[in-house]
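Visitor: Let me give you the structure first, and then I'll get to my questions.
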Amino acid sequence: MSGITFAEPLFLWLLVIVPGMVVFYVLKQHKSSAALSMPDLKQFANAGTTFRHYLRYVLFALRAAAVAFLIIALARPQSTESYQDVSTEGIDIILALDISGSMLARDFRPNRLEASKNVATEFISGRPYDRMGLVVFSGESFTQCPITTDHAVLINLLREIQSGMIEDGTALGMGLATAINRIKDSEAKSKVIIILTDGINNRGEIAPSTAADIAKTFGIRVYTIGVGTQGVAPYPVQTPFGVQYQDMPVEIDEGILTEIAQKTGGKYFRATDNDKLLQVYKDIDKLEKSKIDDVRQFSRKEEKFMFPALIAFVMLALELLTRITLFRNLT
């Protein structure tokens, strides 16, 4: 079995069962031989042994072989000769997401926040070899998920985000600062922050331009995204009759978002609907993949247990079929 290893090699010890089966079968056949000779049967001594008489041993052979192959399948044989070239950019990415009340505006489907979460989820799924983390901000900021390679956990935490989790407002500088704090000590070849907002910085102790200077110091590239249609959009407004939607002007500080991106070597994007937001993430994905040209080769073991398991199934089926047909009266 050149090029084959076993994930559960201890199961191979069960192969001693097979020679045990052979010994038991031989002894059973010996004991089943007639011990009493009948003189009047001598006339049949020269009678030929039929082909079907020998074929009865096929039943036992099929069963023993099936047991052997089942044991091999349990040991999980794996091919060590399968390799896959995977392009790994060596990039750590923090997603910083605005969850203020204005992110519930319905100029996106179903609203800005849910659209941003959906597109971010697709972005995360499309970069399985990068480490990623998640920061959320509104009137203040906090880390929703530290940098991790477990994208399933990251996506689950992203889906749990809701507007109103923290005090309302737009602390853009604090959101960026929190993201910087999470990624600044990374040893990745490329450190990236993608920050998305739909408003103007109006809260927090750190100015966005100051946070941008800090990011530049640590060699962190920041991509900024402004989400919101041009003109007016239906914003949620609390009234005596509950939450109602009213058209209000869309105000995004594109100047500061552009400044942050330019200072850090990133780029500013404006997304005015779902399709453009999706395209923004696709553009960022392409930009970052062109930064590093590293290619590492990973050896990926391929499971081969299905082949011996299939053989065992076929042999058991043949034994059963043989017992109930051709050799029904011989066993």
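Visitor: If I ask for residues that are within 17 Å of L196 (Cβ to Cβ), of a type in the set (A, V, I, L, M, F, W, C) and under 33 Å from the mean Cα position of the chain (by Cα), which ones from segment 213-235 would you list?
Guide: A215, I220, V222, I225, V227
Visitor: Turning to a different aspect of this structure: Sort out which residues of segment 187-217 are surrounded by fewer than 21 Cβ atoms within 10 Å (Cβ to Cβ) and under 18 Å from D130 (Cβ atoms), and write them in order of number.
Guide: Residues satisfying the conditions are E187, A188, K189, S190.
Visitor: Tell me whether segment 265-272 contains one or more residues that are at pLDDT below 95, out of contact with any Cys (no Cβ under 7 Å at 6 or more places or on another chain) and of a type in the set (S, T, N, Q).
Guide: no
Visitor: Kindly provide the set of residues from segment 240-284 that are crowded, with 16+ Cβ neighbours inside 10 Å, small (G, A, S) and in contact (Cβ under 8 Å) with a residue 40 or more places away in the chain, ordered by number.
Guide: Across segment 240-284, the qualifying residues are G266, A271.
Visitor: Check off (1) out of contact with any strand residue (DSSP E or B) (no Cβ under 9 Å at 6 or more places or on another chain); (2) under 26 Å from F123 (Cβ atoms) for D283 and give me the number that stays unchecked.
Guide: Unmet condition: (1).
Quick grid of which residues meet (1) on the phi > 0 side of the Ramachandran plot; (2) acidic (D, E):
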position: N156; (1), (2): no, no
position: R159; (1), (2): no, no
position: S163; (1), (2): no, no
position: G169; (1), (2): yes, no
position: G173; (1), (2): no, no
position: I180; (1), (2): no, no
position: D185; (1), (2): no, yes
position: A188; (1), (2): no, no
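Visitor: Within the bounds of segment 100-116, is there any residue that is assigned to a strand (DSSP E or B) and of a type in the set (A, V, I, L, M)?
Guide: There is no residue in segment 100-116 that is assigned to a strand (DSSP E or B) and of a type in the set (A, V, I, L, M).
Visitor: Output the qualifying pairs, or none if there are none: Cβ atoms under 8 angstrom, residues six or more apart or on different chains, first residue in segment 313-326 and of a type in the set (S, T, N, Q), second residue surrounded by 13 or more Cβ atoms within 10 Å (Cβ to Cβ).
Guide: Short answer, once both residue conditions are applied: T322/V58; T322/L59; T322/L62.
Visitor: Another question, if that's okay. Test M132 against the criterion of being at pLDDT below 95, over 12 Å from V227 (Cβ atoms) and not acidic (D, E), and give yes or no.
Guide: In short, no.
The values are calculated or read from the model by the stated rules, or taken from the named source; none is laboratory data. Computed from a predicted structure; not experimentally measured. All Cβ positions, glycine included, derive from the backbone under ideal geometry; neighbour counts span all protein chains shown.
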